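J.: The structure's right below; bear with me while I get my questions together.
The values are calculated or read from the model by the stated rules, or taken from the named source; none is laboratory data. Please read these numbers as outputs of a predicted model, since none were measured by experiment. Positions of Cβ are generated from backbone atoms using ideal geometry, with glycine treated the same way; all protein chains shown enter the neighbour counts. Surface areas here come from the heavy atoms of the whole protein model, side chains and all, with no ligands, DNA or RNA. Shrake-Rupley method; radii C 1.70, N 1.55, O 1.52, S 1.80 Å.
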Amino acid sequence: MSYLKFDKTLLTNLEKSLDKEMLRTNKAGAYASTTIIDCNTRKYHGLLVVPIPELDGDNHVLLSSCDETVIQHGAEFNLGIHKYHGDYFSPRGHKYIREFHIDSVATTIYRVGGVILQKERILVSGENRVLVSYTLLEAHSATKLRLKPFLAFRNVNELTHENNKANRNYQEVENGISCCMYAGYPNLVMQTNKQVTFVSQPDWYRGIEYLKEQERGYAYDEDLFVPGYFELDIKKGETIIFSAGTEPIAVRTLKRLFAAEKEKRTGRADFFTTLKNAAQQFYNKRADGYYLLAGYPWFKYRARDEFIALPGATLAVGDVDMFEKMMLIGVQAVRDYIDGKPKSTQLEEVSSPDVLLWFVWNVQQYAQYTSLEQAAEKYGQHVLDVMEFVRKQKHTNLFVHDNGLLYTDGRYTPATWMNAMENGVPITPRTGYVVEINALWYNALKFASDVAQVLNKENLSDLLNYQAEIMRQSFVSTFWNGVYLDDYVDGAYHNCEVRPNMIFAVSLPYSPLERSRQKSVLDIITRELLTVKGLRSLSPKSGMYRPVYIGGQLERDRNYHNGPVWPWTTAAFAEAYLRVHKMSGVALLMRLLAGFESDLTELTVGCLPELYDGNPPFRGHGAMSYAPTVAEVLRAKKVMEDFVASLNEQQINDYGIGKIIK
């Protein structure tokens, strides 16, 4: 039985099925995405969405969708579906769907009378090409298949409308056509593995609407161009492969290519393999090397997101090799910045105040998964150079004060992951001594001391250790308010809002807090911030608490970090909880992870979103699939499993967790 499977009852219920999306990627920037019934509800949806660096840094929707029609005895049954004005859906092909599942690939089963048609979708690895396989599983009479492509040729952030500039011409290629609607775009080449008839019937389909954009307060309707349709016979047991790409392909290779790509896919048999597959979709190979995309559909290569997500997306799934490949770019980006060289990678926002500290934490994670000696040999000098860069006051917005703490100015430019803006200034202006930046700084000083020791730099090791001790004392006297840690301190002002950022002062391998204070911090986080989806960004007791991420752009930005749950904090919570509660914490963490498992069949199937509402029912929002969320839930699972593996049988029995972990 499929792990991710939906039956006719749900699929034919538009209220439920339109909320569930799917995402396929080529690990090089291109993707295909829609709902599980193939009705696009976002302007970001499309059957082939590709980066076009010659135009800009964004993705572009070339092929929005492709309607299938089954024809028998002259009767036509259109399997497609689009939303038009006034909640009007046409042609309502979802009523023919009997099953949708994702094992290795996304698969839809249609039944039209005596016809049973299977559709499978794959993006070719590293290539701007989508393959759709149609297999006629059952038919009692002659059957034709018609394919009608809907073209957009636009930036994912825009919408298109009927116009006179669109080029309606096409060129015939082997078993298909090639077309390009606007100058500057690549050709869209559509072909089949079997000889096909293309019927030119150019027309605009006007007023197609996108529900998700309407909910978000954006423009939500567009016109799509249909150049005509492909038509061919299909026999029982026969498979037709439809290819859409930016280059032509030898059609005789299509079946073999589809089979080879399907063989590469990670099967989704359980929670771990499903999340592993989701993590691997963020892997992006570009001309200069490997990157970790921050998320789909609108995120790019952002340094903070990459360094937060990289250990969970690679090391936690056993892919040390991919971690090392991505760190080649990470190291280069960091070196460019600290050496004062022009930017030579596509990694953005490296100069953000906390990014270098997350980079050091990445190396520390690598050391935990391999060894301190291996990490020091491979990345040790880079770590020491980063520490020297910060200690010598060379960073543009990190300043070491005499008390050893790091000061950053966050009044006009966001200094941390809480980076929503309004009228050009941060909505949450965390400035001065910021709690997680200084927790990361203490951890970095201690780890760098270990690295220096391995590299036989004893004097430097002692110096870093000494500075860490001075900083630790200042950390406690500055942030500790008697019960928990202030979020940030600027001069005489202490921001005492209960936020999740203080969890890192407990979770990081080197904590500046003694155990009693660790427990006190963890207790208030558990009471006021913990939900079944991770930690809220602000306590419900705060007057600024805005838990629901809905409304227009400004309203959502104001709410963004003031109440919604950010599940990327889950791994840090797991580390902190096990550090304080040890074996008695396993049961709670198991229940927390189980909450994420149930979420894999909601929203984007097999993936986890960017954030959730802060109140029940904790509805998901934001990016369809977000790298820090997926990665840190994977890392939380790994943290808990490693902890349990360290226990002996007697300890497991004494704490009654034997049944839980089986």
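J.: Say we look at segment 391-418 and pick out the residues that are within 17 Å of GLU469 (Cβ to Cβ) and of a type in the set (A, V, I, L, M, F, W, C); which of these is surrounded by the fewest Cβ atoms within 10 Å (Cβ to Cβ)?
T.: So the residue we want is VAL400.
J.: Among the residues of segment 187-203, count how many are surrounded by fewer than 18 Cβ atoms within 10 Å (Cβ to Cβ) and in a strand (DSSP E or B).
T.: Residues that pass the stated criteria total 6.
J.: When you look at TYR379, is it surrounded by 22 or more Cβ atoms within 10 Å (Cβ to Cβ), closer than 23 Å to ASP336 by Cβ and either touching a strand residue (DSSP E or B) at 6+ places or on another chain (Cβ under 9 Å) or of a type outside the set (A, V, I, L, M, F, W, C) (or both), yes or no?
T.: yes
J.: Just wondering, is there one or more residues in segment 533-545 that are touching a residue at least 12 places away in the same chain (Cβ under 8 Å), polar (S, T, N, Q), out of contact with any Leu (no Cβ under 9 Å at 6 or more places or on another chain) and open to solvent by 40 Å² or more (accessible area, probe 1.4 Å)?
T.: No, the conditions are met nowhere in segment 533-545.
J.: Here's another thing I want to ask about it. Filter segment 414-440 down to the residues that are of a type outside the set (Gly, Ala, Ser), part of a strand (DSSP E or B) and over 24 Å from the mean Cα position of the chain (by Cα) and list them by number.
T.: GLU422, VAL425, TYR433, VAL434
J.: If you take just the strands (runs of 3 or more DSSP E) that sit entirely in segment 43-157, which of them hold at least 3 residues that are in contact (Cβ under 8 Å) with a residue 12 or more places away in the chain?
T.: 46-51, 59-72, 75-78, 82-84, 97-102, 106-112, 115-123, 129-138, 143-155
J.: If you don't mind, another one. Is it the case that segment 459-480 has a residue that's surrounded by fewer than 17 Cβ atoms within 10 Å (Cβ to Cβ) and in a loop (DSSP other than H, G, I, E, B)?
T.: Taking every residue of segment 459-480 in turn, none turns out to be surrounded by fewer than 17 Cβ atoms within 10 Å (Cβ to Cβ) and in a loop (DSSP other than H, G, I, E, B).
J.: Are there any pairs, at least 6 apart or on different chains, whose C-beta atoms fall under 7 Å, with the first in segment 336-348 and assigned to a loop (DSSP other than H, G, I, E, B) and the second crowded, with 20+ Cβ neighbours inside 10 Å and of a type in the set (Ser, Thr, Tyr), and if so, which?
T.: So the pair list comes out as GLN346/TYR291; GLN346/TYR301; LEU347/TYR291; LEU347/TYR301.
J.: Right, next: Looking at segment 481-510, which of the residues that are small (Gly, Ala, Ser) and crowded, with 23+ Cβ neighbours inside 10 Å is nearest to the chain's Cα centre (by Cα)?
T.: This residue is SER507.
J.: Then there is this: Does segment 125-146 contain any residue that is among the charged types (D, E, K, R) and open to solvent by less than 20 Å² (accessible area, probe 1.4 Å)?
T.: The answer is yes, given that some residue of segment 125-146 is among the charged types (D, E, K, R) and open to solvent by less than 20 Å² (accessible area, probe 1.4 Å).
J.: Quick one: is ASP305 modelled with pLDDT of 95 or more and not in a helix (DSSP H, G or I)?
T.: Spelling it out, it is not the case that ASP305 is modelled with pLDDT of 95 or more and not in a helix (DSSP H, G or I).
J.: Hey, another quick one. Of the residues LYS83, LYS95, which single one is charged (D, E, K, R), more than 30 Å from LYS27 (Cβ to Cβ) and either out of contact with any Phe, Trp or Tyr (no Cβ under 6 Å at 6 or more places or on another chain) or surrounded by 23 or more Cβ atoms within 10 Å (Cβ to Cβ) (or both)?
T.: LYS95
J.: For segment 40-66, enumerate the residues that are open to solvent by 10 Å² or more (accessible area, probe 1.4 Å) and either closer than 17 Å to LEU131 by Cβ or in contact with a His (Cβ under 8 Å, 6 or more places away or on another chain) (or both).
T.: Passing the criteria: ASN40, LEU47, PRO51, SER65, CYS66.
J.: Does segment 101-152 hold any residues that are touching a Ser or Thr at 6+ places or on another chain (Cβ under 7 Å), of a type outside the set (S, T, N, Q) and farther than 29 Å from THR9 by Cβ, and which are they?
T.: Those that are touching a Ser or Thr at 6+ places or on another chain (Cβ under 7 Å), of a type outside the set (S, T, N, Q) and farther than 29 Å from THR9 by Cβ: LEU123, ARG129, LEU131, LEU151, ALA152.
J.: Related question: Take GLY237 and decide whether it is open to solvent by 40 Å² or more (accessible area, probe 1.4 Å), at positive phi and more than 28 Å from the chain's Cα centre (by Cα).
T.: Yes, satisfied.
J.: Moving on. Please go through segment 511-529 and give me each residue that is open to solvent by 30 Å² or more (accessible area, probe 1.4 Å) and touching a strand residue (DSSP E or B) at 6+ places or on another chain (Cβ under 8 Å), ordered by number.
T.: Passing the criteria: only ARG517.
J.: Quick check: anything in segment 577-596 modelled with pLDDT of 95 or more, crowded, with 16+ Cβ neighbours inside 10 Å, among the hydroxyl-bearing types (Ser, Thr, Tyr) and touching a Leu at 6+ places or on another chain (Cβ under 7 Å)?
T.: Yes - at least one qualifying residue is present in segment 577-596.
J.: Out of segment 626-661, which residues are modelled with pLDDT of 70 or more, part of a helix (DSSP H, G or I) and farther than 30 Å from CYS607 by Cα?
T.: Passing the criteria: only GLU649.
J.: Within segment 287-294, is even one residue touching a strand residue (DSSP E or B) at 6+ places or on another chain (Cβ under 8 Å), part of a loop (DSSP other than H, G, I, E, B) and within 17 Å of PRO567 (Cα to Cα)?
T.: Yes, segment 287-294 contains a residue that is touching a strand residue (DSSP E or B) at 6+ places or on another chain (Cβ under 8 Å), part of a loop (DSSP other than H, G, I, E, B) and within 17 Å of PRO567 (Cα to Cα).
J.: Looking at the structure I just gave you, is THR108 of a type outside the set (D, E, K, R), at pLDDT below 95 and under 16 Å from ARG121 (Cβ atoms)?
T.: Criteria not met by THR108.
J.: Among GLY207, GLY184, which is more than 19 Å from ARG256 (Cβ to Cβ), outside any strand (DSSP E or B) and small (Gly, Ala, Ser)?
T.: GLY184
J.: Quick one: in segment 334-375, which of the residues that are over 20 Å from ASP305 (Cβ atoms) and small (Gly, Ala, Ser) is nearest to the chain's Cα centre (by Cα)?
T.: In this case the residue turns out to be ALA367.
J.: Here are LEU275, LEU315, LEU347, LEU292: which of them is buried (at least 24 other Cβ atoms within 10 Å of the Cβ) and either acidic (Asp, Glu) or closer than 26 Å to TYR3 by Cα (or both)?
T.: On inspection, the qualifying residue turns out to be LEU275.
J.: Still on this structure, I have one more. May I ask you to list the residues in segment 158-176 that are surrounded by 18 or more Cβ atoms within 10 Å (Cβ to Cβ) and assigned to a strand (DSSP E or B)?
T.: TYR170, GLY176, listed by residue number.
J.: Does segment 358-372 contain any residue that is open to solvent by 20 Å² or more (accessible area, probe 1.4 Å) and either assigned to a loop (DSSP other than H, G, I, E, B) or charged (D, E, K, R) (or both)?
T.: Checked segment 358-372: at least one residue is open to solvent by 20 Å² or more (accessible area, probe 1.4 Å) and either assigned to a loop (DSSP other than H, G, I, E, B) or charged (D, E, K, R) (or both).
J.: Going by the conditions given, is ASN456 assigned to a loop (DSSP other than H, G, I, E, B) and either under 19 Å from ASP487 (Cα atoms) or open to solvent by 10 Å² or more (accessible area, probe 1.4 Å) (or both)?
T.: The answer is yes for ASN456.
J.: Now for a different question. Looking at the structure I just gave you, is ARG168 more than 30 Å from LYS236 (Cα to Cα), over 35 Å from the mean Cα position of the chain (by Cα) and of a type in the set (Lys, Arg)?
T.: Judged against the criteria, ARG168 is a match.
J.: Return yes when LEU445 is assigned to a helix (DSSP H, G or I) and open to solvent by 50 Å² or more (accessible area, probe 1.4 Å) and no when it is not.
T.: Answer is no for this residue.
J.: Only residues that are charged (D, E, K, R) and within 26 Å of THR273 (Cβ to Cβ): list them for segment 9-57, please.
T.: The answer is LYS16, ASP19, LYS20, GLU21, ARG24, LYS27, ASP38.
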